[in-house]
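Read the structure below first, then the notes.
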Amino acid sequence: MSSLKCILSMKVIQKGFELPKVEYYKAHMRIVNAIFPVNITDKEIEILAHFLSLPTEIINGDVFNTFARKKVIETLGLTHGGMSNHIKNMKGKGYLKREGDNLVIVPALIPATPSQGYNFKIVLNEQI
């Protein structure tokens, strides 16, 4: 009965946000980053958020095309070498992968639009 009572009295914490495009993607990346086995840095989250927020006409079927990279480099004040290092690190961590000739963001990292929901549950195990 005590475990049933615990389940019935469990509180669900909810919070909704309306965010501008880049902040929407940053928030999503931070949430997903917390549950991935290998984490990316805050700068890598910022970089991915900027790539995801680029207009379709810039992406043109390839999120990491030369023009898209140039836009993100200019926006974030990065060097070309710095961007290459971040991309290499994100590939190594499993956040980016090759599909044919293109580099792509792993689908699990791309949120639904215009809104994305999450459902987490943590369980205390005092036996561990």
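Taking region 93-117, which residues are surrounded by fewer than 10 Cβ atoms within 10 Å (Cβ to Cβ) and part of a loop (DSSP other than H, G, I, E, B)? Answer for region 93-117, where residues must be surrounded by fewer than 10 Cβ atoms within 10 Å (Cβ to Cβ) and part of a loop (DSSP other than H, G, I, E, B): Gly100, Asp101, Ala112, Pro114, Gly117. Only residues that are among the hydrophobic types (A, V, I, L, M, F, W, C) and either at pLDDT below 90 or over 16 Å from the mean Cα position of the chain (by Cα) (or both) were counted across region 87-108, and they come to 1.
Can you find a residue that is aliphatic (A, V, I, L, M), touching a Lys or Arg at 6+ places or on another chain (Cβ under 7 Å) and modelled with pLDDT of 95 or more anywhere in region 57-76?
Taking every residue of region 57-76 in turn, none turns out to be aliphatic (A, V, I, L, M), touching a Lys or Arg at 6+ places or on another chain (Cβ under 7 Å) and modelled with pLDDT of 95 or more.
Quick one: which of Glu57, Glu44, Glu74 is under 30 Å from Lys121 (Cα atoms) and part of a helix (DSSP H, G or I)? Exactly one residue qualifies, and that residue is Glu44. Summed over region 46-76, residues that are over 16 Å from Glu23 (Cβ atoms) and in contact with a strand residue (DSSP E or B) (Cβ under 9 Å, 6 or more places away or on another chain) total 5.
The set of residues in region 77-88 being buried (at least 17 other Cβ atoms within 10 Å of the Cβ) and either in a helix (DSSP H, G or I) or touching a strand residue (DSSP E or B) at 6+ places or on another chain (Cβ under 9 Å) (or both) consists of Met83, His86, Ile87. When region 88-123 is examined, which residues are found to be within 13 Å of Ile47 (Cβ to Cβ), of a type in the set (A, V, I, L, M) and in contact (Cβ under 8 Å) with a residue 40 or more places away in the chain? If the condition is that a residue be within 13 Å of Ile47 (Cβ to Cβ), of a type in the set (A, V, I, L, M) and in contact (Cβ under 8 Å) with a residue 40 or more places away in the chain, then Met90, Leu103, Ile105, Leu109 are the ones that fit.
Scanning region 18-25 for residues that are modelled with pLDDT under 95, among the acidic types (Asp, Glu) and closer than 22 Å to Gln116 by Cα turns up at least one hit. The set of residues in region 48-61 being over 14 Å from the mean Cα position of the chain (by Cα) and surrounded by 14 or more Cβ atoms within 10 Å (Cβ to Cβ) consists of Leu54, Ile58, Ile59. The condition of being of a type outside the set (D, E, K, R), within 11 Å of the chain's Cα centre (by Cα), surrounded by 13 or more Cβ atoms within 10 Å (Cβ to Cβ) and under 23 Å from Ser115 (Cα atoms) holds for only one of Ile45, Ile35, that being Ile45.
Glu126: farther than 30 Å from Lys11 by Cβ and either acidic (Asp, Glu) or assigned to a loop (DSSP other than H, G, I, E, B) (or both), yes or no? Write out each step before concluding.
Working: farther than 30 Å from Lys11 by Cβ: no; either acidic (Asp, Glu) or assigned to a loop (DSSP other than H, G, I, E, B) (or both): yes.
When the stated conditions are applied, Glu126 does not pass them.
The values are calculated or read from the model by the stated rules, or taken from the named source; none is laboratory data. Model, not experiment: these values are computed from the prediction. Don't worry about glycine lacking a Cβ; one is built from the backbone with ideal geometry, like all the others, and counts go over all protein chains shown.
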